[in-house]
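Okay, structure first, notes after.
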Amino acid sequence: MNDVMGIVYTSKDDLTLRELTSQRAVAAIPVAGRYRIIDFTLSSLVNSNIRNVGIIAQKNYHSLMDHLGSGKDWDLHTRNNGLFILPPFLTRENGGEYNGVLDALRANFDYLRRSRQEYVILTNSDYIMNTSFEPMIQQHIKSGADITLMYKKATPEITEFSSSSKNNHCFLNVDVNNVVKDIEINPNAASYDNLYLNVMMIKRTMLIYIVDQVISHGSHDLYADVLRPFINSGALKIMAFEEKGYYRRIETIRGYFNFNMDLLKPGVRNELFGSNPVYTKTRDSVPTIYRGNAKVKNSLIADGCVIDGEVENCVLFRGVNVAKGAKLKNCVIMQDGYIEDDVELENVIFDKAVTIRSHSRLIGQKQYPIVIGKNITL
Amino acid sequence: MKKKKCIAMLLAGGQGSRLGLLTKVMAKPAVPFGGKYRIIDFPLSNCTNSNIDTVGVLTQYRPLELNSYIGSGQTWDLDLSYGGVYVLPPYATADSSEWYKGTANAIFQNFGFIEQFDPEYVLVLSGDHIYKMDYNQMLQEHIDRKADVTIAVRPVPWEVAPSFGIMNVDAENNIVEFEEKPKQPKSNLASMGVYIFTWDIMKKYLTDDNADPNSKNDFGKNIIPNLLRDGKKLYAYAFTSYWKDVGTISSLWEANMDLLKDPPEFDLTDPRWKIYSRTPVMPPHFIADDAVVQNSMITEGCEIDGTVRDSVLFAGVTVEAGAIVEDSVIMPGTRIESGAVIRRSIVSENCVISKNCQVGEAEGDIALVGQSTTLPEGYAVKAGAQVDMDEISRKEGA
């Protein structure tokens with residue numbers, strides 16, 4: 001077991017994800033047939049032998065709570081440590097809403113103080129990555145850094161962010177000794193190609209001290225009020241750790257769609273699922289049944305589906321029904337979608353439990369897929 | 001401590017020798033079934049769904065696979081502070097150490113376990129059958145009829161009746177006679193191996209039976225005849241839904257194929273009667289560009305590049321491009337390489353069927369490949385044949 005605890009920050013609903021986040025946190029968006037985004041973060045922590053994980057939840061945390069339960073599916077239902085869900089609460093000092101990650105940490109000082117681990121990994125949960133944090137933990141301890149920031153070399157696929165919202169996209173200048181020399185926050189054109197992954201490691205007591213100091217001086221922004229001044233002043237030793245594995249931040253509908261389509265590539269599947277398992281809530285579905293008229297190509301399909309139609313380049317979640325004569329191409333159909341006979345769908349995302357009646361036709365654009373919200377019948 | 005009204009004792013110690021190589025390294029209840037289940041999931045899920053929350057699982061033969069599968073019982077909601085699932089292997093005492101000598105003896109040796117719950121009734125189950133049954137309903141009838149023992153029976157086709165334990169009943173469904181595998185059956189009501197005993201009666205008859213040196217300590221051969229001899233009230237509880245003995249290679253294969261019919265002969269999808277199983281941690285399955293998948297059941301972790309028809313594939317099976325799987329059952333983790341053709345077969349867990357192998361034939365008996373077998377390239381397994389690693393090394397040595 002590592003002397004490290006994890007704190008997962010679930011950001012507030014992101015409007016660029018439209019219907020998908022109208023009723024749930026980004027972390028709770030269903031992905032890849034049977035997972036939620038947060039499963040990847042949680043599994044990476046658990047696979048790094050981290051057994052004390054706090055989840056900072058926001059106001060719309062119902063769907064997250066429902067998914068996480070006692071944490072037993074991640075083996076986080078232990079006697080000491082385990083899974084702690086930290087929703088916003090109302091006191092004389094708290095307004096019942098977190099104003100950013102520092103505010104959330106400040107509100108949960110009791111949890112931070114009570115935890116026994118020496119170090120904290122503080123991470124967002126709006127990205128897909130399945131990695132072990134062990135190498136970063138090793139580097140952090142060995143190098144004697146105060147803070148270690150995880151980054152990745154930016155490529156066009158990774159930085160295909162939303163143009164409308166500037167959502168803490170940070171780029172780092174890292175020297176040959178892995179020391180962070182500069183940080184750019186939301187640049188229009190970045191000077192560096194080291195994208196900060198919103199994963200950092202720090203001593204628990206130092207985190208408590210910094211949060212207390214910053215908040216008591218009236219500041220709230222982890223990036224502008226903590227990282228930038230410390231990097232620029234050199235008062236703390238801030239190091240960088242390069243992550244080389246698959247990483248996608250889910251920030252737009254297009255990003256969400258592209259990630260699901262990425263899973264149809266064997267290399268991506270292997271990278272995400274090949275070595276470290278990704279844990280999720282089990283649903284006890286039966287295996288998927290293929291009937292006599294099924295024609296399925298290049299698709300990722302979860303359990304509990306019944307397929308009698310044509311499916312090409314699709315990701316089907318648990319319990320999806322595709323009737324005879326239906327044709328699906330480039331679609332992401334979430335749990336319990338019901339596609340009746342002779343329906344034609346292309347470049348479409350269905351949220352959970354969408355039913356589409358016989359002989360309907362819905363054709364979207366690859367660059368701008370059609371999204372149908374939860375529980376809608378067309 | 002609060003009394004438990006009814007607890008279950010599940011007899012899982014049998015070898016299941018008629019399953020041949022399949023049970024060489026694991027007990028019969030641990031044999032995989034239906035894409036993501038094992039046989040024992042059915043009685044255990046039935047218990048959970050019938051609100052029977054205390055189950056003793058009696059193991060003896062090759063218990064490792066079964067023990068690790070059951071674990072804490074969390075899968076079936078049987079990880080409770082009072083009650084839950086317990087694995088009960090034979091044990092040694094100060095003056096003796098005995099294997100379970102028979103079904104009745106296995107339960108007799110665990111009277112101590114039963115007594116801690118002080119139950120009124122004891123449900124006896126076996127780990128040999130695929131079925132969904134509300135034991136609570138049976139218990140209710142047992143109580144209403146004030147029976148000493150209630151035995152679940154199911155009508156079977158007359159021609160197969162001679163291979164079952166047959167109950168002859170009167171007009172009120174009271175059992176008047178029990179015949180083990182009768183040549184000329186008088187009834188077609190087969191015992192399902194599901195009994196409810198009033199605990200006091202069980203205690204008396206199993207204790208007496210244990211004292212009898214000539215007894216085979218078997219429910220069918222000794223206990224039931226003794227109860228009938230003494231005029232005890234034995235009631236036959238008729239069950240008419242799907243029930244399949246999967247004690248042979250061909251019946252196990254058939255029961256898997258029953259799931260593929262539309263509508264299925266046996267429906268696993270009822271949300272009010274879920275069958276729980278320990279799910280492997282695997283991503284959804286992937287069907288590649290040139291794959292053909294029809295009339296089949298596929299589950300998590302599979303990668304299909306070849307052709308799969310009328311088959312049941314378990315978790316993590318790979319079917320390479322150009323391979324053909326038809327009318328077959330492929331158990332977890334097995335890889336079928338390109339050019340291999342599998343027909344009317346059961347291939348066990350973690351096998352590698354190398355390039356251009358031929359397993360089974362389009363007609364004839366079901367072929368079987370035993371656990372963790374790697375068939376060399378181009379190897380042929382005839383219809384009805386069984387092969388495993390030992391067999392292959394023998395052939396290679398020769």
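Derivation of every value follows stated rules applied to the coordinates shown; laboratory data play no part. This one's a predicted model, so the numbers in the text were calculated from it and none came from an experiment. Cβ atoms come from the backbone with ideal geometry, glycine included; neighbour counts cover every protein chain shown.
So the values come out like this:
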{"read-out": "With eigenvalues of the C-alpha gyration tensor scaled by 5 and rooted, the range A:268-378, Å", "value": "22, 16, 14"}
{"read-out": "Nitroxide proxy distance, nm - points 7 Å out along Cα→Cβ at B:Lys261 and A:Ile185", "value": "6.7"}
{"read-out": "Cut-off 16 Å (backbone N to label point 7 Å along Cα→Cβ of A:Tyr209), residues of the range A:116-147", "value": "A:118-120, A:144-147"}
{"read-out": "Calculated log₁₀ intensity ratio I(q)/I(0) where the Debye formula runs over C-alpha points of the range B:209-322, q = 0.20 Å⁻¹", "value": "-1.18"}
{"read-out": "Of the chymotrypsin sites (Phe, Trp or Tyr not before Pro) in the range B:9-116, those whose Cβ has at most 13 other Cβ within 10 Å and which sit in DSSP loop", "value": "B:Tyr82, B:Tyr91, B:Trp99"}
{"read-out": "Enclosed volume per residue, in Å³, of the convex hull spanned by Cα atoms of the range A:213-311", "value": "194"}
{"read-out": "Surface/4 of the Cα convex hull for the range B:1-152, nm²", "value": "9.9"}
{"read-out": "More than 18 Å apart - percent of Cα-Cα pairs taken over the range A:148-248", "value": "48"}
{"read-out": "Residue-averaged [θ]222 nm for chain B, counting only DSSP H segments that reach four residues, each worth -39500 (n - 2.57)", "value": "-5000 deg cm²/dmol"}
{"read-out": "Rounded FRET efficiency, nearest 0.05, which uses the C-beta distance separating B:Lys186 from A:Ala224 and R0 of 51 Å", "value": "0.05"}
{"read-out": "Exposed-loop-free span, longest in chain A, where trypsin sites (Lys or Arg not before Pro) count as exposed if DSSP calls them loop and at most 13 other C-beta atoms lie within 10 Å", "value": "A:245-356"}
{"read-out": "Per-selection metrics, the range A:1-66 (Cα): Rg and Dmax in Å", "value": "12.7, 40"}
{"read-out": "Translational D in µm²/s for chain A (Stokes-Einstein at 4 °C, 1.567 mPa s, Kirkwood Rh from C-alpha pairs)", "value": "60"}
{"read-out": "Equivalent-ellipsoid semi-axes of the range B:240-398, from the Cα gyration tensor, Å, largest first", "value": "26, 19, 14"}
{"read-out": "Acute angle (nearest 10 degrees) that the helix B:135-144 long axis makes with the longest principal axis of chain B, alpha-carbon atoms", "value": "20"}
{"read-out": "Taking A:Leu378, A:Leu149 and counting other C-beta atoms within 10 Å, the order from fewest to most", "value": "A:Leu378, A:Leu149"}
{"read-out": "GluC sites (Glu not before Pro), loop per DSSP, at most 10 other Cβ atoms within 10 Å - longest free stretch of chain B", "value": "B:173-362"}
{"read-out": "Principal-axis tilt of helix B:199-211 within chain B, Cα atoms, nearest 10 degrees", "value": "80"}
{"read-out": "Size of electric dipole in the protein assembly as shown: Cβ of Lys, Arg +1 and of Asp, Glu -1, about Cα centre, debye, nearest 20", "value": "1000"}
{"read-out": "Equivalent ellipsoid semi-axes - Cα gyration tensor, the range B:330-398, angstrom", "value": "16, 14, 12"}
{"read-out": "Mean separation of Cα contacts under 8 Å (6+ apart) over length of chain A, as relative contact order %", "value": "15"}
{"read-out": "Where labels lie 7 Å past Cα in the beta-carbon direction, separation of B:Asp77 and B:Arg229 in nm", "value": "4.3"}
{"read-out": "Cα long-axis angle, helix A:204-216 against chain A (0 to 90 degrees, to the nearest 10)", "value": "80"}
{"read-out": "Within straight-line cross-link reach of B:Lys221, lysines at Cα separation under 19 Å, skipping those fewer than 8 residues along the same chain", "value": "B:Lys101, B:Lys181, B:Lys183, B:Lys186, B:Lys203, B:Lys204, B:Lys232, B:Lys233"}
{"read-out": "Cα→Cβ-extended label distance, 7 Å offset, between B:Lys203 and B:Asp390, nm", "value": "4.5"}
{"read-out": "Under the Karplus curve 6.51 cos²θ - 1.76 cosθ + 1.60, θ = phi - 60°, whole-Hz ³J(HN,Hα) for the range B:109-115, x wherever Gly or Pro sits", "value": "5, 10, 4, x, 4, 5, 5"}
{"read-out": "Candidates per chymotrypsin sites (Phe, Trp or Tyr not before Pro) in the range A:313-374, loop by DSSP, up to 14 other Cβ within 10 Å", "value": "none"}
{"read-out": "Over chain A: helical MRE at 222 nm, DSSP H runs n ≥ 4 each giving -39500 (n - 2.57), nearest 500", "value": "-5500 deg cm²/dmol"}
{"read-out": "Average projected area [Cα convex hull, the protein assembly as shown], square nanometres", "value": "39.8"}
{"read-out": "For the range A:31-182: span of alpha carbons on each principal axis (Å, largest first)", "value": "44, 40, 40"}
{"read-out": "Overall Cα dimensions of chain B, principal axis frame, Å, largest first", "value": "65, 48, 48"}
{"read-out": "Candidates per trypsin sites (Lys or Arg not before Pro) in the range B:227-277, loop by DSSP, up to 11 other Cβ within 10 Å", "value": "B:Lys261, B:Arg272"}
{"read-out": "Alpha-carbon Rg with Dmax, taken over the range B:1-47, Å", "value": "13.8, 45"}
